[in-house]
Ligand code: FES
Ligand code: MG
């Protein structure tokens, strides 16, 4: 037993089962012998001090999170000063833009690896070094499963990108540059210069992409020190946050403050409200639903619409707005957004607990921004009703639409006028995966015009193992040259959080699982009624049944032609075990393991 004088508690530390276990001297000797071999002493290992893991996600393969290698020094100093011992270890690398075929495949792999590490080694608590898109949910999912005290430390965004006096934001500038190049306005060299200008320093994407979204939501869930999600990676405040995070996790051991005490149903509802207010990524529902499942909580896309849709967009940040990570940080970041929601009575649960031992309300009340350009007042938002819509119909049981990026005209015509509701109808043009889209988008025989709806399928968790970020499809070059820069897109893939396309995405079940997208054919009329939250192919029930039988037969006989074979063992394993988007894309057998 260890005695904690500050809190007056007697605690049996988990690590003492390894290093200070008089009932098992054989194994204790063996454990101590080897861990001492680099110079840590027996006295330290048997001091009754908690051993704190630092789950290190930074590496040369993961440039977004690489600054965590530097920050770990300050985390260690905080841990030591608070009376703990730091053990740093690597997490399976995840790099959103560098991993082929997709980093989406690696979230569950990193999760599995971290669960084994936290469970099987002498750790009393863990600092989760979050950052690039999938790293944050992977680490929170593992902390949820093992449920030892855990605190997240964001690596923080890159500094703002600039090009010829204009802000250039990660990802968002790439989608823009690609349109310019396709339309012949810039050449290859300027294309690369423009894109590279958006990444001027260590850190993660400086737009409100999935990285800023997920770190902001980790803070909104209560798993990060208040105000720390959005500090740029190279600011002094970032290193100070690392130190304070290290100090705080040691106290959390003595308080026995666990992920399940913090990540409750209430805190997930808070995070959903914050996601709408910041204009968060469409990857957020997948990840939050997944984290919730590992805690044994029910959370689905209906909850996202119910809690989140009526929340306004308050943060003016790319892709929905103008600014970038440095601006968001200086304007007060997450606490300033939460302060607006609290003042308006729209944070669902201000009494939800956070890692610093205080509630969201205690941490954020009155922390209003001093920069109303970047963070708007609740009653003067960028946009009302900015949360996701959850659509249903014969095309899918659930698909998400990010309303904060829909154009004003489109919104007014199809969504904001319930007294004169109008649905949009169009001709389906169906692509079987990304290669098919690239091969045929400019094929004149498809007769794509402004009344077409582009479909992409075979891009879901099973169809393109890990799910591809491909739903935001550009119109054909001929349309781009005429100034038509967007067509409605629907797919069973995901979409980069940095993209501003008004897509209907994350369709569940996906085509490869026999979902409605497997039934649609080029030339079908499709009707999307946003007011009713419906999306349907307009064909007879008989024809629908006939197509469904056809797809069922194909699935039973070796699968759909556009679903490729697995290339690695993990691709095959994940495909066999993975759940659909609205169920968090988790590994189905994993969710029963809790604590
Ligand atoms: Fe890593 Fe965007 S690619 S954060
Ligand atoms: Mg991404």
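Every read-out reported here was derived from the displayed coordinates using simple, explicitly stated rules and does not represent laboratory data. Being a predicted model, the structure only gives us computed values, none of them experimental. Methodologically, a virtual Cβ is constructed for each residue, glycine included, from the backbone with ideal geometry; neighbour enumeration extends over all protein chains shown.
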Cα extents of segment 481-563 per principal axis, largest first, Å, are 42, 28, 27
On the formula 1/(1 + (r/R0)^6), with r taken between the Cβ atoms of residue 556 and residue 359 and R0 of 45 Å, the FRET efficiency rounded to 0.05 is 0.25
Projected convex hull area of segment 295-374, Cα atoms, direction-averaged, in nm², equals 6.6 nm²
Output for segment 53-98 (equivalent-ellipsoid semi-axes, sqrt of 5λ from the C-alpha gyration tensor, Å, descending) is 24, 10, 6
Note on segment 415-470: the mean projected area of its alpha-carbon convex hull, in nm², is 5.3 nm²
The exposure ranking of 100, 547, fewest beta-carbon neighbours within 10 Å first, is 100, 547
Residue-normalised 222 nm signal for the chain, counting each DSSP H run of n ≥ 4 as -39,500 (n - 2.57), nearest 500 deg cm²/dmol, is -10500 deg cm²/dmol
Largest first and rounded to whole Å, the semi-axes √(5λ) derived from the alpha carbon gyration tensor of segment 310-464 read 38, 19, 17
Using alpha carbon positions and the Kirkwood radius, the Rg to Rh ratio of segment 167-271 is 1.15
If the chain between residue 261 and residue 567 were fully extended at 0.36 nm per residue, the gain over the current Cα-Cα distance would be 106.1 nm
P(r) of segment 225-320 over all Cα-Cα pairs, 10 Å bins starting at 0, rounded to whole percent, reads 14, 34, 36, 15, 0
For segment 84-169, the Cα convex hull volume per residue in Å³ comes to 111 Å³
Here, segment 388-557 modelled as identical Cα point scatterers in vacuum has Debye log10 I(q)/I(0) at q = 0.09, 0.15, 0.19 Å⁻¹ of -0.28, -0.80, -1.32
Stretched fully, the stretch from residue 595 through residue 541 gains (0.36 nm per residue minus C-alpha distance, one decimal, in nm) 14.7 nm
Residue 60 and residue 409 label points (each 7 Å along its Cα→Cβ direction) are spaced in nm at 5.1 nm
Across the alpha-carbon set of segment 461-521, Rg over Rh with Rh taken as the Kirkwood radius works out to 1.03
The distance between the Cα centres of segment 334-404 and segment 240-258, in whole Å, is 26 Å
Log10 I(q)/I(0) at q = 0.08, 0.11 Å⁻¹ for the chain, from Debye over equal alpha-carbon scatterers, is -0.54, -1.00
Inter-part gap, Cα centre of segment 565-595 to Cα centre of segment 164-188, in whole angstrom, is 36 Å
In Å, the Kirkwood hydrodynamic radius from C-alpha pairs for segment 235-290 sits at 13.6 Å
Placing one equal point scatterer on each C-alpha of segment 247-389 and summing with Debye, one gets log10 I(q)/I(0) at q = 0.11, 0.18, 0.19, 0.21 Å⁻¹ equal to -0.41, -1.06, -1.15, -1.31
Reduced to Cα centres, the span from segment 276-297 to segment 196-219 in Å works out to 17 Å
Plugging the Cβ-Cβ distance of residue 162 and residue 191 into 1/(1 + (r/R0)^6) at R0 = 25 Å yields, to the nearest 0.05, a FRET efficiency of 0.90
Rounded to the nearest 5, the percent of DSSP beta bridges in segment 388-557 running antiparallel is 55 percent
For 88-97, 367-376, ranked highest to lowest by mean beta-carbon neighbours within 10 Å, the order is 88-97, 367-376
